[in-house]
1. Take the residues in region 87-130 that are among the acidic types (Asp, Glu) and closer than 21 Å to Pro62 by Cβ; name whichever of them is farthest from the chain's Cα centre (by Cα).
2. Which members of region 116-147 meet the condition of being farther than 18 Å from Gln50 by Cα and among the hydroxyl-bearing types (Ser, Thr, Tyr)?
3. So which residues in region 131-141 are surrounded by fewer than 22 Cβ atoms within 10 Å (Cβ to Cβ) and either in contact (Cβ under 8 Å) with a residue 40 or more places away in the chain or within 16 Å of Glu60 (Cβ to Cβ) (or both)?
4. Residue under question is Ile2, and the condition is that it be of a type in the set (A, V, I, L, M, F, W, C), at pLDDT below 95 and either in contact with a helix residue (DSSP H, G or I) (Cβ under 6 Å, 6 or more places away or on another chain) or outside any helix (DSSP H, G or I) (or both); does it hold?
5. If I filter region 88-99 for residues that are within 22 Å of His37 (Cβ to Cβ) and in contact (Cβ under 8 Å) with a residue 24 or more places away in the chain, do I get at least one hit?
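The values are calculated or read from the model by the stated rules, or taken from the named source; none is laboratory data. The structure presented is a predicted model; accordingly, all values stated were derived computationally and were not measured. Every residue, glycine among them, receives a Cβ derived from its backbone with ideal geometry; neighbour counts consider all protein chains shown.
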Amino acid sequence: MINRRLMLLGVGLGAIALRYGPAMTSARAAESFPVSHTDAEWKTILTADQYAVLRQEGTEYPGSSALLKEHRKGNFACAGCNQDAFLSSTKFESGTGWPSFWAPIDGAVATSKDTSYGMMRNEVHCSRCGGHLGHVFNDGPKPTGLRYCMNGIAMTFHPAVA
């Protein structure tokens with residue numbers, strides 16, 4: 001039998017789940033992007049790890065990306081649609097374990113509110129395919145003061161042509 005205490009506990013837990021749950025997935029799915037595929041198509045285009053990050057908003061382990069140590073001139077692009085997102089000249093060593101940049105290429109990324117895991121963050125996603133790239137924080141270097149903390153698995157590197 002349900003008593004008043006159990007009912008109030010259920011309502012409270014439900015409110016917490018709605019407030020802090022991963023609601024971004026359904027909101028992102030409702031958006032329209034120039035590059036779009038079915039879920040099955042994304043699973044054939046991407047590796048399992050890329051799919052987990054780009055399409056399910058996962059996060060790679062810190063220090064695991066080869067792009068963390070990439071220092072050549074070139075561009076970092078979305079692994080989902082190959083759109084250039086960051087110039088190598090904006091990359092910096094943040095010490096966080098993820099490739100970090102102080103600014104994206106104009107129009108290449110968009111941000112949205114992410115309240116998953118009980119935190120308030122700004123998610124960064126590709127403006128062309130909607131793929132989750134990482135998060136942006138207000139603790140970066142000049143000139144922007146921003147730190148775009150990206151999942152390396154969600155990007156590819158295009159070296160500059162000499």
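1. Glu93
2. Ser116, Tyr117, Thr144
3. His135, Gly140, Pro141
4. Considered against the rule, which asks whether it is of a type in the set (A, V, I, L, M, F, W, C), at pLDDT below 95 and either in contact with a helix residue (DSSP H, G or I) (Cβ under 6 Å, 6 or more places away or on another chain) or outside any helix (DSSP H, G or I) (or both), Ile2 comes out as yes.
5. Start the filter on region 88-99 by keeping residues that are within 22 Å of His37 (Cβ to Cβ), which leaves none.
No, region 88-99 contains no residue that is within 22 Å of His37 (Cβ to Cβ) and in contact (Cβ under 8 Å) with a residue 24 or more places away in the chain.
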